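Please read the structure below before turning to the comments.
Bear in mind these aren't lab numbers, they're just calculated from the coordinates by the rules spelled out. What you see is a predicted model; the values in this text were computed from it and never measured. Backbone-built Cβ (ideal geometry, glycine too); neighbour counts: all protein chains shown.
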Amino acid sequence: MLFKSALAGATMLASAVLGTSVASATTVGFSQIGSESGWRAAETTVTKKEAEKRGIDLKFADAQQKQENQIKAIRSFIAQGVDAILVAPVVETGWDSVLEEAKDAEIPVILLDRTIKASDDLYLTAVTSDQVHEGKVAGNWLVEAVGNKDCNIVELQGTTGSSPAIARKKGFEEAIAGSENLEIIRSQTGDFTRTKGKEVMESFLKAEDGGKNICALYAHNDDMALGAIQAIKEAGLKPGEDILVVSIDAVPDIFKALAAGEANATVELTPNMAGPAFDILEAYLADGTTPEKWIQTESKLFTQADDPMAVYEEKKDLGY
Ligand code: AHR
């Protein structure tokens, strides 16, 4: 494959003459899922900032949670002849054709924060967390927190068919599998949003004796947990005490909830997927350096013991 060596060579020559960086001539299309969560908003902000910092011309398309919009955006980026495409894929399947088209056009594609089910020669690399591991970290925390006590768990899943919803469920189930005293009694999608998290939690509470039968909530992201916390309070129970709350993302608002004793634990997902992606792209466009197929970001556990208000202060202006 010619990839972009000719372009890189021409860009470097232009850079030498004009005294600009390689990236200043680079145009990158970014197909973002939407803005379902605080975490997603931060990823958008960080990606735009990282592009600006590097002099990259970023073409941004918000898919409003629809895969068909993402596919249209990718086709439009191909037609515009961008140098590379970033995609945060809303669901795991259905990408083969459009990625073949990008491959035929010799445009490298980088997956951000979610994975897909397709041949890995259709994309340059994926910058994501280990989403099974995130679920395990959350599950292990709960196993330890409840000890020998019987614990009925309700689960708020992310968007149906998305890699984090599938993998975070799997990881959590694996973590609690050895503990007979822990059982998931209800599990439903809240689509990664605060509004649906609240709505679904209300239905769980109603179905489970006003919540008296629920010991813990596991939410696949903080936004759903925050919506659920509201529902728990409105039901007259104390989130964080009557119902333990563990979730994923580490958005600023969950640290306020941790500080208030209304949430118990969160697993951090960095919103900076674009920094590593642009580094990889720059090397690839310059001399064809091929990255690993998976660039893994960290997953750190935070609890009420981690000075949540200090973390909130650090995070609050980062674009969440
Ligand atoms: O793919 C990452 C997930 O997508 C985040 O955990 C969630 O908040 C989101 O919208």
Legend entry - Inter-centroid distance (Cα atoms) of region 38-100 relative to region 259-320, Å: 19 Å
Inset, instruction - Using only the alpha carbon atoms of region 40-132, find the Kirkwood hydrodynamic radius as the inverse mean reciprocal pair distance, in angstroms to one decimal. - result: 13.7 Å
Legend entry - Relative intensity, log₁₀ I(q)/I(0), of region 223-314 from a Debye sum that treats every alpha carbon as a point, q = 0.10, 0.11, 0.18, 0.26 Å⁻¹: -0.38, -0.44, -0.77, -1.24
Legend entry - Per-residue ³J(HN,Hα) for region 233-238, Karplus 6.51 cos²θ - 1.76 cosθ + 1.60, θ = phi - 60°, Hz, x for Gly and Pro: 5, 5, 7, x, 10, 9
Inset, instruction - Please give the contour-minus-distance gain from GLU208 to MET309: 0.36 nm per residue of separation, less the Cα-Cα distance, rounded to one decimal in nm. - result: 33.1 nm
Legend entry - Karplus-derived 3J(HN,Hα), 6.51/-1.76/1.60, for each residue of region 271-281, Hz, glycine and proline x: x, 8, 8, 6, x, x, 5, 5, 4, 4, 5
Legend entry - Amide hydrogen neighbours beyond the local backbone of TRP294, cut-off 5 Å, H modeled: ALA126
Legend entry - Net charge dipole size for the chain [Lys, Arg +1 and Asp, Glu -1 on Cβ; Debye, nearest 20]: 540 debye
Legend entry - region 106-236 - Rg (one decimal) and Dmax (whole number), Cα, Å: 16.4, 58
Legend entry - Under-5 Å amide H pairs with ALA263, H placed in peptide plane, nonlocal only: LEU258
Inset, instruction - Please quote Rg/Rh for the chain to two decimal places, taking the Kirkwood radius as Rh and restricting both calculations to Cα atoms. - result: 1.03
Legend entry - Extreme residue, positive dipole direction of region 116-168, given options SER163, VAL143, GLN131 (C-beta unit charges): VAL143
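Please give the charge dipole size of region 231-307, origin at the Cα centre, charges +1 on K and R Cβ atoms and -1 on D and E Cβ atoms. Round to the nearest 20 debye.
So the dipole magnitude of region 231-307 works out to roughly 200 debye.
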Legend entry - Segment ASP242-GLU106, length gained on full extension (0.36 nm per residue, minus Cα span): 43.4 nm
Inset, instruction - Quick one: which residues, 5+ away or cross-chain, put their amide H under 5 Å from the amide H of PHE30? H built at 1.01 Å from N. - result: LYS59, PHE60, ALA61, LEU86
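Could you give the length gained on full extension between ASN181 and ASP150, defined as 0.36 nm per residue of separation minus the Cα-Cα distance, in nm? Kindly include the intermediate steps, with their values, before the conclusion.
Values: separation 31, 0.36 × 31 = 11.16 nm, distance 0.45 nm.
Difference between extended and current length: 10.7 nm.
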Inset, instruction - Would you calculate a helix-derived [θ] at 222 nm for the chain, using -39,500 (n - 2.57) for each DSSP H run of n ≥ 4 and dividing by the full residue count, to the nearest 500? - result: -14000 deg cm²/dmol
Inset, instruction - Before anything else, pin down the relative contact order of region 62-125: Cα pairs under 8 Å, at least 6 apart, normalised by residue count, whole percent. - result: 33 percent
Legend entry - Percent of alpha-carbon pairs separated by more than 13 Å within region 230-273: 53 percent
Inset, instruction - Report ³J(HN,Hα) in whole Hz for each residue of region 194-207, in order, from the Karplus equation J = 6.51 cos²θ - 1.76 cosθ + 1.60 where θ = phi - 60°; Gly and Pro get x. - result: 5, 4, 6, x, 5, 4, 5, 5, 4, 5, 4, 4, 4, 6
Inset, instruction - Could you size up the charge dipole of region 179-320 around its Cα centre, putting +1 on the beta carbon of Lys and Arg and -1 on that of Asp and Glu, and report it in debye to the nearest 20? - result: 460 debye
